[in-house]
Amino acid sequence: MTATSDLDARAFRRALGQFATGVAVITAQAADGSAIGLTMSSFNSVSVDPPLILFSIDRKAFSLAAMTEAKGYAVNILGHDQEHLSNQFARALGDKWTAVEHTIGHMQAPLIAGALAHFECAPYAQYDGGDHVIFVGRVVRFSAHPPKEPLIFFRGAYRSLAGTESSPEWPLPMHY
């Protein structure tokens, strides 16, 4: 087995890029009352009972300290028409909230208008994840608005589901 220090970091990131993900913006209210927002592709469901989700934030992120202290946060799953919001919230500094329509959710976490889904969360746990901190949230409320296509990130670029679906060969083998 190869030691972690022997891994080529760029090649490792390219290999991870083979896993297509949705794109979300994690939002919260900082202790000073300002709104926080970070673009995220490291979002996953963890448990249905209790309802838990997770995401991870780079230890170098400017808003990491504010997120670790937040009393609640929201996961806003972006639709394909919200690529500009993904780019806006991916920036490290600046006013990310200019012209972003939103409402206020659990513990003052902003809910981005037009998102495919919102998961409003209470902090549940935080774990060491190497160069990231893993956040686990307990979902207290959620909403879904599924009629539009999701924003997908694959191989370092935004992608669309439209026209990319392949049909399986029929009939499919049966497994019992």
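The values are calculated or read from the model by the stated rules, or taken from the named source; none is laboratory data. Bear in mind that the values here come from a model prediction, so they are computed numbers and not experimental data. Glycine gets a Cβ as well: all are built from the backbone with ideal geometry, and neighbour counts include every protein chain shown. Heads up: the accessible areas ignore ligands, DNA and RNA and are worked out on the full protein's heavy atoms, side chains in. Shrake-Rupley method; radii C 1.70, N 1.55, O 1.52, S 1.80 Å.
Where in the range 27-100 are there trypsin sites (Lys or Arg not before Pro) that are in a DSSP coil and have at most 13 other Cβ atoms within 10 angstrom of their Cβ?
Details: sites: 59, 60, 71, 91, 96; in loops: 59, 60, 71, 91, 96.
In loop regions of the range 27-100 (DSSP not H, G, I, E or B), the sparsely surrounded trypsin sites (Lys or Arg not before Pro) are 59, 60, 71, 91.
Which value, in debye to the nearest 20, describes the size of the charge dipole of the range 14-121 about its Cα centre when Lys and Arg Cβ atoms bear +1, Asp and Glu Cβ atoms bear -1, and nothing else is charged?
Numbers: 6 positive and 9 negative charges, 72 e Å.
In total the dipole reaches around 340 debye.
Heavy atoms only, 1.4 Å probe, whole protein assembly: order 112, 104 by accessible area, highest first. Don't skip to the end; give the middle numbers.
Numbers: 112 0, 104 95 Å².
Reading off the accessible areas and sorting them downward yields 104, 112.
Would you mind calculating the relative contact order of the range 1-144 from Cα pairs under 8 angstrom and at least 6 residues apart, reporting the percent as a whole number? Please list the in-between numbers first.
Values: 275 pairs, mean separation 36.9, N = 144.
It rounds to 26 percent for the range 1-144.
In bins 5 Å wide, starting from 0, what share of all Cα pairs of the range 47-97 does each bin hold, as a percent?
4, 14, 20, 27, 20, 11, 5, 1
Counting DSSP beta bridges in the chain, what percent are antiparallel, to the nearest 5? All intermediate terms of the calculation are to be shown ahead of the outcome.
Details: 47 of 47 bridges.
Bridges in the chain are about 100 percent antiparallel.
Output the Kirkwood hydrodynamic radius of the chain, Cα pairs only, in Å rounded to one decimal.
Values: mean 1/r = 0.0570 Å⁻¹.
About 17.5 Å, per the Kirkwood formula over Cα pairs.
What three numbers, in Å, describe the spread of the alpha carbons of the range 1-87 along their principal axes, ordered from the longest?
On the principal axes, the range 1-87 reaches 46, 34, 30 Å in Cα extent.
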